[in-house]
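Single-structure report; data block below.
The values are calculated or read from the model by the stated rules, or taken from the named source; none is laboratory data. Nothing here was measured: the structure is a model prediction, and the numbers come from that model. Cβ atoms come from the backbone with ideal geometry, glycine included; neighbour counts cover every protein chain shown. Calculation scope for accessible area: heavy atoms of the full protein, side chains included, ligands and nucleic acids excluded. Shrake-Rupley method; radii C 1.70, N 1.55, O 1.52, S 1.80 Å.
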Amino acid sequence: MRVNGAEVEAAVDPRTSLLDLLRETLGLSGTKKGCDQGACGACTVLADGERILSCLALAVQYAGREITTVEGLAGPDGPHPLQRAFIDHDGFQCGYCTPGHLCSAVGMAAEAARGVPSYVTADLTADRVVLDRDEIRERMSGNLCRCGAHNGIVAAIAATYAAGPGERA
Amino acid sequence: MTTSAHGRAPVGPAPENWAGPVPDPLTDPARTRRIGEPMPRLEGLAKVTGRIKFAAEHAYPGMLYAALACSTIPKGRITALDVADAERAPGVVLVMTHRNAPRMNPMPGFGSDPKAGGFDTLPVLQDDRVHWNGQPIAVVLAETQEQADHAATLIRVGYAPEPAVTSWEEAVANGTAPTTIYGGPGRRELGDAEAALRAADVSVDEVYRTPYHNHAAIEPHAATVLWDGDELFVHDTTQMVAHSAWSLAKIFGIPEERVHISAPYLGGGFGGKGLWWYQVLAAAASRLAGRPVRIALTRENVFRTVGSRARTEQRVAIGATADGRFEAIIHTGASATSRSADLSEPFILPAQCTYAARTFKLGVEVAYLDMMANTSMRAPGGAVGSFALECAIDELAVKLGMDPIELRLRNEPRQEPIDGRPLSARNLVRAWRAGAERFGWDRRNPTPGAVRDGEWLIGMGCAAATHPYVRSPGAAARITLHRDGRAEVEVAAHDMGMGTATAQTQVIADRLGLEPHQVTFRFGDSRLPGLVMAGGSQQTAAIGAAVAAAHRELLAQLLKLVGDGSPLGGLEPDQVGSLDGGVAALDDPSRHESYADILDRAGRDRLVAEAVAQPPEELTARSMHSFGAMFCEVRVSSVTGEVRVTRFLGSMDCGRIVNPRTAASQFRGGIIMGIGLALTEELVLDDRTGRVVNASLADYHIPVHLDVPEIDLIWTDIPDPHAPMGARGIGEIGITGTGAAIANAVYNATGRRVRDLPITPDKLL
Amino acid sequence: MNPFGYARAADAADAVRLGSAPRAAYLGGGTNLVDLMRRNVVAPATLVDVTGLSSAIEERPDGGLLIGAAARNTAVAEHRAVRARYPLLARAILAGGSAQIRNMATVAGNILQRTRCPYFYDVAGSRCNRRHPGQGCDAIDGHNRDHAILGGSPACVATHPSDMCVALAAADAVVHLRGARGARVLPLTELHRLPGDHPEIETELEAGELITAVELPPLPPGAASGYRKVRDRAGYAFALVSVAAVLRVERGVITAVRLALGGVAPKPWRARTAEQALLGAPADPATFRAAARTELAAAVPLRHNAFKIELAERTVTAVLADLAGEAR
Ligand SMILES: Cc1cc2nc3c(=O)[nH]c(=O)nc-3n(C[C@H](O)[C@H](O)[C@H](O)COP(=O)(O)OP(=O)(O)OC[C@H]3O[C@@H](n4cnc5c(N)ncnc54)[C@H](O)[C@@H]3O)c2cc1C
Ligand code: SF4
Ligand code: FES
Ligand code: FES
């Protein structure tokens, strides 16, 4: 498995989730455990660029995959624009849901760029997705935030991806 | 006023008595540069890059993982406990039950001592008794979490159940009992309210119900514990480091200094993160095993072993004259509690302060259930009490044929309604007017069900928000001033996401005349001075007052260091203040000397000033509350009864706002939790067994992004002369009023009055 | 979680071979199975990972689609042909769970996901016939707001939680199976069983039988289709009631209709009684409502879920009215 660009090898108990592998075995505690039940999104990581819930992913099932966590979002020239936008728009309070939100939004932008519709997309056959507030809100509804940073989160995502799906502002 | 070359005045010592006529110099905008700035969170970058470590993210060599086994009956005795399979399971190091747990003292109940922090006073794993359904009965320690979790499922338990009270109806039928509100009276009366109600021209008299609520912080409770001899170190997630440390010391019978708790960051708290069973169990098990222990509660554990907001049933009756003056306000009822918590949900708080009336009858009682100890959750009392009160006012407005804002304005008090204390910077009327204008309240059609867009009915509603100003005694601060002009300020306070560290850095910079980058604010550690609980929205004031006291001490010490050659020579501490990285005379700021020069000349590397905040006399002398006017617009599907909040405005009156960016987030956070309270949240306890039914985040519905509209905010920003920096609390008020504003908007949209929360689709069919 | 072994199936034959081991279970995205294992509801000895099976979405000569069992929910919902020709299916999938879950979940796993009845999940503390036959059902006299009004039995009143299946039921989908005794097909509406006296037997699948694909015949030409889900919050929640429908109206008369309900029954509920009332009738709200009523006449409400009858009736009426507007 590759994690944030680095090859990792670990012999794991088949019971170990990808989340626990990251947090306990690899010491990458940036990815959070909010429920371990698939119900909060805090554990969201990218597997080959797709957002998934690492708490319901058995690590063994992800052998050979490319995993990106919050620790791997930043580029060589500093934080990812979305990370900066979260700071600028106060898109968090306690910060516990934040890594999941960040990975989720990155995956969400890629989905939108491919034209994946959402439940609130009026025209399912449209080629382009316009990431307006409702689309962002629906598409990010799998990430809970109890502090209530929703407005800032949506604003940060809109600011980052408003230029068009998948493009960074 | 005398100002410096930059046009600013020195910041002199804060008042000795916050109830007195002299306000904190920092209430004066001319003396502040950083207060009022939207400074981004200091820890922002660390949070967005995943570098912050939470309680379950510290690893130690030899650390064991804990898992809990919990009771499945509400009350009775454990008659059989077979742990053999669990002990034999791979990786298991210890199975701790009441049989082998070390003897410990009961949890000191919150309020029983200024430092007591337990919300459940039961002894932990000391006997075979079961007090609630879900109570921990065993702890398994193993080399990995997977092993511990598995072994915990192998424990077999037999019970001798005893009759238990697990339904609300039964508890109420058994009779409710009078109670207190944080040690104060649980009953307040003025005149004969029942008679006044009967005689009133117009009246409403209704019962409102609110269910149990769970804090549902996204970070589950967790602790990593280590013993070193008889010293206990805990990485915890707690809103009360000092209380927890003292209480753990009592429980284990060791001196307070031997317990050290570190909790710099919390993944949310909302009242739920205090001292519960898990820390005690982890510490006890770690001691037995002789190894460090990580206990990370599962989400189900959180629902079953950490207290929630209690269910309530509230009667609100209001009698008014034909022109809408309140003759009587009656707000009574009961909330659920366990014998081991004995904690009311003080829903009469809003009725005590929001409106004038000729007579009052307010009272909270408790109904006892055999359930997990309940606890405080964001705006205890206010969140659910304002729902009942502010809906009743809306109902009365309908009966009077009067605009609900006008009705509220007509009953604006000129003093604290029941005891007559003078009001302190109450500007709710202004908040109503500004809010109504910004929201476009005049566009509301008062006729229910009259506005429609296709299948969607549209309505507007409003309600008052309120939360008391709180400042508990015992906060202390230590300022260490370095020769290079930097200052470190240490307080045993907390930042669970409110932005405390950022806001306090701004305040400290202004108080000491420094730049924020010269200030280091240290918090979240029981070894730091004082006793500040992150509760009651009090931290801004509590820390502010403690730092103010330490600043007073610092000025005195600095003056002792200056010699005759100094421009400050001959001045007394109350004649000087901080300005531009040094000390200046209040009446002549050109008499100034920098901290660096003073320390240099005195040959000191640093200067340390520590002090305890003045006792909170302002609390008893004045009527001090944060207020707000909440406005919302909803759309209700006439087909399915689904409710969507489409617009929301909070027009707040909370004194001075220290940091508009983090304050806005606090208000929004409260309002969003209020949307959950209004529409989606209900923790269900099975009537037959007292067991939490929906013990998961899939089944306990907190609002998701799609439930949350863009929330608009404005505030009066008028300083309260009796609060440090002029700032009253902002953390909890957002959830108050919101439930009623939404329910009132739903009524306006549909003509349906829902008096039992949450307003789920089934209630609007 | 109990310890278990893990094996990855190379193809369907391999999967069936591995799946014939005692206490083996197929693993799709794991979004349901891992959760159930972690909560000790199920404890397989071996997991046979079937995500390597076909995930292809092929167009059939008849205009239908064949969807590989391992196709992810997102892949199905975003597929051009699904969006254009089976809007009810795209919309139903998109209504389920969250994007993360849909990225993980497979078609087969979604079909075979277990009920969300909270008592079913509470292994230590609640009784459940579905989990432990004969133990009793804590839901029937307990908190049953989310439970079934149709198709329940005194043994079990759980609902099937899938959104996708409701659309599949309305789309006349057929499930392709493969087991030790060979391959067969089964209409989706016949895959899940009603609880009766044996709630523990949830489907017609034989032990070790594998879902290999789902086949969608073309919808009636000229028909409109849609899906609507009613829930307790705006997103990321299971259905209180959901409705999938296919409707064709010609000169004001209903000439083709298929209707299925979710959130109301232990299986995706194909509303054939209502369909009979609708076919050939004028496409107006009165017809729609009356048809919904006939379907729901059989409903048996429990203590907390009587509202679902009214809610289902209203939602059916609204969905059909919408489609009639579209189809006209
Ligand atoms: C918080 C949360 C919310 C959700 N909300 C919704 C919702 O709103 N609507 C909704 O529809 N769903 C919802 N889901 C459920 C989700 O859709 C299912 O978990 C998912 O579809 C299961 O697919 P999977 O591939 O992950 O299955 P798995 O979990 O891998 O497997 C599920 C079952 O299918 C069996 N199985 C898998 N593949 C095969 C095969 N090829 N042949 C035979 N048996 C097989 C497994 O053995 C297992 O019994 C939610 C889930 C969660 C956790
Ligand atoms: S309804 Fe079915 S699944 Fe739920 S407890 Fe009863 S038997 Fe079990
Ligand atoms: S921890 Fe994975 S969804 Fe909550
Ligand atoms: S910032 Fe605390 S949960 Fe989202």
Query raised in the report: From the residues in the range C:28-45 that are touching a residue at least 60 places away in the same chain (Cβ under 8 Å) and away from ligand 2 (no atom under 16 Å from the Cβ), which one is nearest to C:Thr212 (Cα to Cα)?
Result: C:Gly28
Report summary line: Taking the range A:35-92 and keeping residues among the polar types (S, T, N, Q), within 11 Å of chain B (Cβ to nearest Cβ) and open to solvent by less than 10 Å² (accessible area, probe 1.4 Å) leaves A:Thr69, A:Gln83
Query raised in the report: Of B:Thr620, B:Thr689, which residue is away from chain A (no Cβ under 14 Å), open to solvent by 20 Å² or more (accessible area, probe 1.4 Å) and closer than 30 Å to B:Ala723 by Cα?
Result: B:Thr620
Query raised in the report: Is it the case that C:Thr212 is polar (S, T, N, Q) and part of a strand (DSSP E or B)?
Result: yes
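Taking the stated definitions as given, is B:Gly655 more than 11 Å from chain A (Cβ to nearest Cβ) and of a type outside the set (S, T, N, Q)? Reasoning before the result, please.
Numbers: more than 11 Å from chain A (Cβ to nearest Cβ): yes; of a type outside the set (S, T, N, Q): yes.
Criteria met by B:Gly655.
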Query - Which listed residue, of C:Thr287, C:Thr317, is in contact with a Pro (Cβ under 7 Å, 6 or more places away or on another chain) and polar (S, T, N, Q) - result: C:Thr317
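How about the range C:223-235: which of its residues are under 22 Å from C:Arg83 (Cβ atoms) and either not in a loop (DSSP other than H, G, I, E, B) or not small (Gly, Ala, Ser) (or both)?
Result: C:Ala224, C:Ser225, C:Gly226, C:Tyr227, C:Arg228, C:Lys229.
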Query raised in the report: Assuming B:Gly655 fulfils every condition listed in (1) farther than 27 Å from B:Pro15 by Cβ; (2) not assigned by TED's automatic domain parsing to the domain that holds B:Glu553 apart from one, which condition is it?
Result: (1)
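Hey, any hits in the range B:631-640 for a residue that's in a loop (DSSP other than H, G, I, E, B), under 30 Å from B:Thr716 (Cβ atoms) and in contact (Cβ under 8 Å) with a residue 60 or more places away in the chain? Before you say what the answer is, go through the steps one by one.
Here is the first cut: in the range B:631-640, the residues in a loop (DSSP other than H, G, I, E, B) are B:638-640.
Narrowing the set further to residues that are under 30 Å from B:Thr716 (Cβ atoms) leaves none.
Scanning the range B:631-640 turns up no residue that is in a loop (DSSP other than H, G, I, E, B), under 30 Å from B:Thr716 (Cβ atoms) and in contact (Cβ under 8 Å) with a residue 60 or more places away in the chain.
Can you tell me which of B:Ala317, B:Ala336, B:Ala328 is in contact with a strand residue (DSSP E or B) (Cβ under 7 Å, 6 or more places away or on another chain) and more than 30 Å from B:Ser167 (Cα to Cα)?
B:Ala328
Here's the yes/no breakdown for (1) under 30 Å from B:Ala723 (Cα atoms); (2) touching a helix residue (DSSP H, G or I) at 6+ places or on another chain (Cβ under 7 Å):
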| site | (1), (2) |
| --- | --- |
| B:Ala30 | yes, no |
| B:Ile35 | yes, yes |
| B:Leu42 | yes, yes |
| B:Lys53 | no, no |
| B:His58 | no, no |
| B:Arg77 | no, no |
**Report entry** Unique residue being assigned by TED's automatic domain parsing to the domain that holds B:Ala431, over 22 Å from B:Pro25 (Cα atoms) and either in a strand (DSSP E or B) or more than 16 Å from ligand 3 (Cβ to nearest atom) (or both) when the list is B:Ala463, B:Ala493
**Finding:** B:Ala463
**Report entry** Scan of the range B:692-715 for residues that are more than 7 Å from every other protein chain (Cβ to nearest Cβ), open to solvent by less than 30 Å² (accessible area, probe 1.4 Å) and more than 16 Å from ligand 2 (Cβ to nearest atom), ordered by number
**Finding:** B:Tyr700, B:Pro709, B:Leu713
Query - Pick from the range B:257-283, criterion surrounded by fewer than 24 Cβ atoms within 10 Å (Cβ to Cβ) and over 25 Å from the mean Cα position of the chain (by Cα), ranking: farthest from ligand 3 (Cβ to nearest atom) - result: B:Glu257
**Report entry** B:Ala101 vs. criteria of a type in the set (Gly, Ala, Ser), farther than 18 Å from B:Leu68 by Cα and in a loop (DSSP other than H, G, I, E, B)
**Finding:** no
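Residue-by-condition table, conditions (1) more than 16 Å from ligand 4 (Cβ to nearest atom); (2) within 14 Å of chain B (Cβ to nearest Cβ); (3) in contact with a Lys or Arg (Cβ under 7 Å, 6 or more places away or on another chain); (4) at pLDDT 95 or above:
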{"position": "C:Asp141", "(1), (2), (3), (4)": "yes, yes, no, yes"}
{"position": "C:Asn144", "(1), (2), (3), (4)": "yes, yes, yes, yes"}
{"position": "C:Gly151", "(1), (2), (3), (4)": "yes, no, yes, yes"}
{"position": "C:Thr159", "(1), (2), (3), (4)": "yes, yes, no, yes"}
{"position": "C:Ala167", "(1), (2), (3), (4)": "yes, no, no, yes"}
{"position": "C:Val175", "(1), (2), (3), (4)": "yes, no, no, yes"}
{"position": "C:Ala183", "(1), (2), (3), (4)": "yes, no, no, yes"}
{"position": "C:Leu188", "(1), (2), (3), (4)": "yes, no, no, yes"}
{"position": "C:Ala213", "(1), (2), (3), (4)": "yes, no, no, yes"}
Requested in this report: Mind listing whichever residues of the range C:9-38 are in contact with a helix residue (DSSP H, G or I) (Cβ under 8 Å, 6 or more places away or on another chain), more than 8 Å from chain A (Cβ to nearest Cβ) and either open to solvent by 50 Å² or more (accessible area, probe 1.4 Å) or in a loop (DSSP other than H, G, I, E, B) (or both)?
Outcome: C:Ala9, C:Tyr26, C:Gly28, C:Asn32
